[in-house]
Amino acid sequence: MVWENVLFCLILILAVYTVIPDLLLHRLGIGSWKRQYSSGVALTFDDGPDPMVTPRLLQILKQYNIPATFFVVAEKAEKYPELTRLIAEEGHQLGVHSLSHRYAWFTSPWKTWREWTESLCLLERLTDQKIAWMRPPWGTFNLVTWWWLKRHTMRAVLWNVEGHDWEVRRSPEEIAARIIKKINEGSIVVLHDSGGDSGAPENTLLALELLSKRVVQDLKLPFVPLEFPDWSFGQRLIFRVWEKWEHYYAIKHHVERVNATNIFRLEKTVYNGPNLYAEDGKLLAEKGDPVAEIHLDNIRLQAKGRDIQKTALKALRQARASMPDLAQYVINNPGYSNIKVFMGETLLYRAVKGFGFEVQELPETWNSKGIAWLQRMIMRVYHPAGKERGNERLGTKTKLVWISRSKLLSYAAPELNSSKP
């Protein structure tokens, strides 16, 4: 009986030291960051730097103007200090990936603490900058790893998309396809610029070339640097639930992105409102006509600061910059050739006349009340002040805003606008 109790205590101690921290931080993302909260995709690289791979990788990133984050092994950083500094000089971010790439479960508490502290001091001394992020090898934690990052106010950054690029049997096409299949807004992608099977880094470099084009051109997502809001786990959870709903709606209603940076999206639908007339009295749309509904890509308007005036001005600048590409998208897509009106039902109607939109009253219905409620919820989710912010810029009820095809297409470059009616 005594030995059974001793064995039980040993198993419990081991579980507390290894399995439980790993389950919470690695598997569930409680106390760590497995994704970011922006409109784009963040690329991260582990296990470097490597003099044979990292410089070539930096050239690809520079060619495609892609920001990235390198989680470096401190002993390698010390061995190649100029290469480590080059990463920072090229504008990329740095995080620490341990001292010597040991597996956390097989590292004693005192050695865990000592090696992480040494690795952080070494990297900060080499780069002369504050290092705020860490990523344990294989994403695996023990209890002391968690305690160390809390004591040093570090953020543990993991990932939610990987291509298994450390395996040489994975072709560049297979690596890229695996990543493309899982990628979306907020994805953190992990690749490797060192380590793994012999020859694997060559496949990583070729896969990066493929990803550099396909993510932007096919998925219409931008590459962004890592950035994390000062949110609680509860706020992050609410955001994720809302984001799932938005993804579901976009798929169900075939809402299309314009390009990787445009804040507008389009949905082809059937008009069900009052007749709309041009300035010369010509009927543009009546009930049953095909129209296109303009949606804001809310995450691309997400506020980073708490200054409401600056946030509003930034949104206006983004909207104005997005109009020419929206117009060109309509010109280039035959599916919109028979659509004369582009519209939306919104509380955000006070500044749209400056963009050529008309504003029209709508009868108050349960549907319009539902849209108003949803838009207020969106402001809570995407604005950093949440429900505490004022809604002075919002109307009290939704109105119909719309723009004629000819006015929209006038935003396109004249030399490209040969098909404008």
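The values are calculated or read from the model by the stated rules, or taken from the named source; none is laboratory data. If you're wondering where the values come from, they're calculated on a predicted model, not measured in any experiment. Cβ: placed from backbone, ideal geometry, glycine included. Neighbour counts: every protein chain shown.
Structure summary
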quantity: In region 1-39, residue modelled with the lowest pLDDT [restricted to those that are aromatic (F, W, Y) and closer than 25 Å to G234 by Cα]; calculated: Y37
quantity: Scan of region 103-121 for residues that are under 23 Å from A15 (Cβ atoms) and loosely packed, with under 15 Cβ neighbours inside 10 Å, ordered by number; calculated: Y103, F106, S108, P109, W110, K111
quantity: From the options G195, G186, G163, residue that is closer than 25 Å to S119 by Cβ and not aliphatic (A, V, I, L, M); calculated: G195
quantity: Test: residue in region 33-45 that is of a type in the set (V, I, T), in contact with a helix residue (DSSP H, G or I) (Cβ under 8 Å, 6 or more places away or on another chain) and more than 16 Å from P225 (Cβ to Cβ); calculated: no
quantity: Qualifying residue in region 37-56 (condition: part of a helix (DSSP H, G or I) and surrounded by fewer than 21 Cβ atoms within 10 Å (Cβ to Cβ)); calculated: yes
quantity: Filtered residues of region 27-58 (kept if touching a Pro at 6+ places or on another chain (Cβ under 6 Å) and farther than 30 Å from L296 by Cβ); calculated: V53
quantity: The listed residue being aromatic (F, W, Y) and either over 30 Å from A15 (Cα atoms) or not in a helix (DSSP H, G or I) (or both), out of W166, W146; calculated: W166
quantity: Lone unmet requirement of (1) free of Cβ contacts under 8 Å to residues at least 40 places away in the same chain; (2) polar (S, T, N, Q); (3) touching a strand residue (DSSP E or B) at 6+ places or on another chain (Cβ under 6 Å) for Q59; calculated: (3)
quantity: Filter result for L86 (touching a Ser or Thr at 6+ places or on another chain (Cβ under 9 Å) and buried (at least 19 other Cβ atoms within 10 Å of the Cβ)); calculated: no
quantity: Residues (surrounded by 20 or more Cβ atoms within 10 Å (Cβ to Cβ) and out of contact with any helix residue (DSSP H, G or I) (no Cβ under 9 Å at 6 or more places or on another chain)) located in region 178-202; calculated: I188, A200
quantity: Members of region 206-253 found to be surrounded by 14 or more Cβ atoms within 10 Å (Cβ to Cβ), closer than 16 Å to K182 by Cα and of a type in the set (A, V, I, L, M, F, W, C), listed by number; calculated: A207, L208, L210, L211, V215, V216, L219, L221, F223
quantity: Subset of region 132-151 (residues that are under 12 Å from F71 (Cβ atoms) and in contact (Cβ under 8 Å) with a residue 40 or more places away in the chain); calculated: W133, M134, R135, P137, G139
